[in-house]
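Here the structure is laid out as structure tokens; the discussion comes afterwards.
The values are calculated or read from the model by the stated rules, or taken from the named source; none is laboratory data. In this text, all values refer to a predicted model and were calculated from it rather than measured experimentally. Here the Cβ positions follow ideal geometry from the backbone for every residue, glycine too, while neighbour counts run over all protein chains shown.
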Amino acid sequence: MAELAWFKSSYSSNESVECVEVAETTNAVLVRDSKDKSGPHLTFTPDSWQAFITYAATVEI
């Protein structure tokens, strides 16, 4: 597999903030813990990831 381009949210500008990183391929969206880059990751289909993002945008914290 080619090297993945992982990125963090623009809301995660502070390194001390716990967050996730995301990488996209043609068929999958991968999510990992930014503090454990060599650890496991979750894999989503693009459609399921989009459904999650759409839902998350509606949740009030």
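Take the range 41-61 and flag every residue that is in a loop (DSSP other than H, G, I, E, B) and modelled with pLDDT of 95 or more.
THR45
Please indicate, with yes or no, whether at least one residue in the range 2-10 is among the basic types (Lys, Arg), outside any loop (DSSP other than H, G, I, E, B), in contact with a strand residue (DSSP E or B) (Cβ under 8 Å, 6 or more places away or on another chain) and modelled with pLDDT of 90 or more.
Taking every residue of the range 2-10 in turn, none turns out to be among the basic types (Lys, Arg), outside any loop (DSSP other than H, G, I, E, B), in contact with a strand residue (DSSP E or B) (Cβ under 8 Å, 6 or more places away or on another chain) and modelled with pLDDT of 90 or more.
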